[in-house]
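A short write-up of the structure that comes next.
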Amino acid sequence: MDFTILSQLFTHYFHHSPDKILALPQAGSDRQYFRLNDSKHVAIGTVSNDVKENQIFIHLAKHFKSKGVRVPEVYGVSEDGRCYLQEDLGGVALYDLVKGQEFTQEVEELYQSTLTELIKLQIDGAEQFDFSICYPVQVFDRTSMFWDLNSFKYYFARPLRVSFHEPSLQKDFHRLTRWLLEEPYQFFMMRDCQSRNVMIKDGMPYFIDFQGGRKGALQYDVASLLWQAGAQIPMEKRESLLEFYILKAHERLPEMDIQAFRNRYYGFLLIRMLQVLSAYGFRGLFEGRSHFIESIVPALKNVDWFMKNISLPIELPEVYKILSALVQHKRFQKEEWQSVSKVLKVSVNSFSFKRGYPVDKSGNGGGFVFDCRGIHNPGRYEEYKQLTGKDIEVINFFKSKSKIDEFIESVFKTIDFNIKDYMVRGFDHLQINFGCTGGQHRSVYCAEATKKYIENKYRLTVELHHIEQELKGNMI
């Protein structure tokens, strides 16, 4: 079992078994994260079936550490390569300090520190590094650029029925990539350098999620960080932080052509904006994840500013034609957008059938009720009677001695339809209830799993209550 392997890694490194193992919400990937701790130590356990990706992350983490770049330390790796234990950098990302907040002097200094550390990652990280091991792409070359450009075409422009002339668009793509590839690209490019992937620990920035890095130019990561749609950094601060980066990078690279860097910076910004829109299109328009849907409007605001204020030294008429249509697209105008982006709040409850169904306080008359009593009950065994569905011993019981995961997968398929429909129609509440005999083991496990699933897939606010346990004073 993965829990057992992570526990063994923790015990081997800290010489003490963990007291708790807590599952953490997933991000945009299929990786699973757990926080393990005893009274003195804490670590993050990662589980992923993509062994190759795990290997490159572990290799890069050790390489960056040797170069003095702030990244998490890897404590141990399982024999099969599926599980590894790493340093816990806490729960505060740079994004948490900037989104919806005033851009204070303190936040600006954190961005300056992040840019300084980024230069170290890009330049020092490229020294004595074999880029041939990068996964899945070794270099941000013409082929890699065209993947992003074509993804924008197929996952964003076409689904929104924006008309364009295909041969003309391909000519623009070739013209853009030829120009960008004139820039030196012997540096390490993190690829997804954004504030969610910068953790703040003891006032200092640490990079995470760099396993998709490759050889590339300096400008791409800077543009990714400063123009992240969700962060919404004030425009004047973006420009001053860019100048800060250029100054610091020039100190490390006196041969750097500053004017050429500035010119192509906006070209790399353009291709990054197109890549971001393609990601929002796939995750939002195709998969229905609300977090990505809500990010489309600020992303298009970035595009609008770019088109009004930046003049590139190359002609891209078909690209600009598409972007103009997207900025003016009726689906993303204020009135239309408010009707489809209203935040749906989901209430998930575990309860005991002995006490009765949960009360729906929203006034909508109730929602889903799933009966978990057909699942093998650990409460019948003495060693589990004082535990709940959140305890690792009970979770291991379910994994090895029941079909609870098949049950919960069927639940996910059932609720997906309503969640997507409610989001589109602007509904503001959905209730999902799980009942079992005592409201302690099976229903608690299922409610916890459903909360994580919804938060991961749809980025919605989930209010979770374990009703029976709360009535007993067990605020788990």
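What's the angle, to the nearest 10 degrees (0 to 90), between helix 290-309's Cα axis and the longest principal axis of the chain? Tilt of helix 290-309: around 10 degrees. Compared with the rule-of-thumb size 2.2 N^0.38 Å for a compact globular protein, segment 67-109 has a Cα radius of gyration ratio of 1.73. Give the aspartates and glutamates reachable from LYS420 as a straight Cα distance under 16 Å; neighbours fewer than 8 places away on the same chain don't count. Cα-Cα hits under 16 Å: GLU287, GLU294, ASP428, GLU455. For a 4.7 Å threshold on C-beta separation, the list of partnerless cysteines in the chain reads CYS83, CYS134, CYS193, CYS446.
Return the subset of LYS361/LYS457; LYS40/LYS452; LYS390/LYS457; LYS345/LYS385 for which the Cα-Cα distance in this structure is over 31 Å, preserving the input order.
Working: LYS361/LYS457 25 Å; LYS40/LYS452 27 Å; LYS390/LYS457 21 Å; LYS345/LYS385 33 Å.
Listed pairs above 31 Å: LYS345/LYS385.
Amide H contacts of HIS466 (H built 1.01 Å from N, in plane; Pro and chain starts excluded): SER350 sit under 5 Å, all sequence-distant by 5 or more or on other chains.
With all distinct Cα pairs included, what does the Kirkwood hydrodynamic radius of segment 345-471 come out to in Å, to one decimal, could you say?
Values: mean 1/r = 0.0676 Å⁻¹.
Hydrodynamic radius (Kirkwood, Cα pairs) of segment 345-471 is 14.8 Å.
Could you give the size of the charge dipole of the chain about its Cα centre, using +1 on the Cβ of each K and R and -1 on the Cβ of each D and E, expressed in debye and rounded to the nearest 20?
Details: 60 positive and 60 negative charges, 243 e Å.
Approximately 1160 debye in magnitude.
Restricting to the chain, compute how many DSSP beta bridges are antiparallel as a %, nearest 5.
Numbers: 27 of 46 bridges.
The antiparallel fraction comes to roughly 60 percent.
Look at the alpha carbon pairs under 8 Å that are at least 6 residues apart: their mean separation over the length of the chain gives a relative contact order of 14 percent.
With Rg and the Kirkwood Rh both taken from Cα atoms, where does Rg over Rh land for segment 94-340? Could you put the intermediate results ahead of the total?
Values: Rg = 17.7 Å, Rh = 18.7 Å.
Rounded to two decimals, Rg over Rh is 0.95.
With a cut-off of 8 Å between alpha carbons and a minimum separation of six or more residues, what is the relative contact order of segment 345-471 in percent? Computed value for segment 345-471: 50 percent relative contact order.
Note that the chain shows a convex hull volume over its alpha carbon atoms of 163 Å³ per residue. Taking a Cβ cut-off of under 14 Å around VAL51, the surrounding Lys, Arg, Asp and Glu residues balance to a net charge of -3, with basic ones at +1 and acidic ones at -1.
Can you tell me the relative contact order of segment 94-340? Whole percent, Cα pairs under 8 Å, sequence separation 6 or more.
Values: 289 pairs, mean separation 65.6, N = 247.
After rounding, I find 27 percent.
The numbers here are math on the coordinates, done by the rules we state, and not lab data. Please read all numbers here as calculations on a predicted model, not as lab measurements. Methodologically, a virtual Cβ is constructed for each residue, glycine included, from the backbone with ideal geometry; neighbour enumeration extends over all protein chains shown.
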